[in-house]
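The values are calculated or read from the model by the stated rules, or taken from the named source; none is laboratory data. All values reported here derive from a predicted model rather than from experimental measurement. In this analysis, Cβ positions are derived from the backbone assuming ideal geometry, glycine residues included, and neighbour counts consider all displayed protein chains. Areas reflect the complete protein model, heavy atoms only, side chains present, ligands, DNA and RNA absent. Shrake-Rupley method; radii C 1.70, N 1.55, O 1.52, S 1.80 Å.
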Amino acid sequence: MRALRATRRRRGWTQAQLGNRLRISRSEVSRWERSDLDECSVQDVQRWATALGAHLAIELRVDGERPLADARHAEIQDWAVRLLRNAGWEVQAEASFNHYGDRGRIDVLAYHAGARAQLVVEIKTRIEDAQELLGRLDVKKRVAPVIARERGWQPRTVVPAVFVAESTTARRRIATHAALFEPLSLRARDAVAWLRQPAAAPPPGILAFVSPSKSRR
């Protein structure tokens with residue numbers, strides 16, 4: 001539901017405007033966006049997504065089984081945490097937040113006292129919806145200064161980053177949406193070099209492809 005809320009905000013719609021399109025009240029939209037879905041059917045969620053130009057995907061998970069995507073996500077997350085801690089960053093994985101109506105978790109949150117830089121990392125095993133991904137990252141970047149104050153950090157800048165599992169499909173989809181990903185201008189080895197030694201001016205954003213098979217190194 002956070003993704004649909006972020007999509008609404010990117011479109012500049014109020015809850016009332018979305019409610020008019022769905023023929024429900026603003027308070028009903030507000031409840032849905034807070035994941036209060038007791039009276040919300042799958043058909044309602046489908047209409048909600050369609051009104052925003054999105055699509056609904058339902059995933060079935062079996063108890064006791066870990067999907068391959070989750071395992072790859074964890075590998076990349078572990079690699080990122082090790083890389084950053086070895087470089088002197090203060091790191092927290094799965095940092096939760098609940099500010100200004102925005103709730104969620106940051107895959108990797110880090111702070112480098114020397115560079116006074118705060119890093120907000122989104123990890124993706126595949127690229128499905130570029131706009132939704134970047135919208136969610138923008139929300140996390142926006143609440144990052146509040147999270148920093150809670151931890152006693154004093155960043156001068158917040159650097160958003162996307163770490164993507166290496167694949168031809170992921171590279172092709174990012175290339176297709178090159179303009180959207182353009183702000184994440186520091187790439188490849190240059191990105192890793194800055195993370196290891198963030199003495200230079202912080203970049204506006206980072207995009208790095210990570211091979212899960214190499215993330216254990």
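Quick rundown of the values:
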quantity: Index of the failed condition, G104 passing every other in (1) at positive phi; (2) part of a helix (DSSP H, G or I); calculated: (2)
quantity: Residue match in region 35-44 (condition: at pLDDT below 80, surrounded by 15 or more Cβ atoms within 10 Å (Cβ to Cβ) and either more than 20 Å from G135 (Cα to Cα) or among the aliphatic types (A, V, I, L, M) (or both)); calculated: yes
quantity: Breaking point among (1) open to solvent by 40 Å² or more (accessible area, probe 1.4 Å); (2) at pLDDT below 90; (3) small (G, A, S), for A6; calculated: (1)
quantity: I24, sole failed condition from (1) out of contact with any helix residue (DSSP H, G or I) (no Cβ under 6 Å at 6 or more places or on another chain); (2) assigned to a helix (DSSP H, G or I); (3) open to solvent by less than 70 Å² (accessible area, probe 1.4 Å); calculated: (2)
quantity: Residue list for region 109-157, filter: small (G, A, S) and either part of a loop (DSSP other than H, G, I, E, B) or more than 15 Å from the chain's Cα centre (by Cα) (or both); calculated: A113, G114, A115, A117, A148, G152
quantity: Every residue from region 161-183 that is closer than 21 Å to P198 by Cα and open to solvent by 10 Å² or more (accessible area, probe 1.4 Å); calculated: E182, P183
quantity: Filter result for P203 (surrounded by 20 or more Cβ atoms within 10 Å (Cβ to Cβ), touching a helix residue (DSSP H, G or I) at 6+ places or on another chain (Cβ under 7 Å) and farther than 12 Å from V120 by Cα); calculated: yes
quantity: Complete set of residues in region 166-198 that are under 20 Å from Q118 (Cβ atoms) and part of a helix (DSSP H, G or I); calculated: D190, A191, V192, A193, W194, L195, R196
quantity: Some residue of region 160-168 being farther than 22 Å from T7 by Cα, of a type in the set (F, W, Y) and at pLDDT 95 or above; calculated: no
quantity: Some residue of region 137-156 being aliphatic (A, V, I, L, M), in contact (Cβ under 8 Å) with a residue 12 or more places away in the chain, touching a Leu at 6+ places or on another chain (Cβ under 6 Å) and surrounded by 17 or more Cβ atoms within 10 Å (Cβ to Cβ); calculated: no
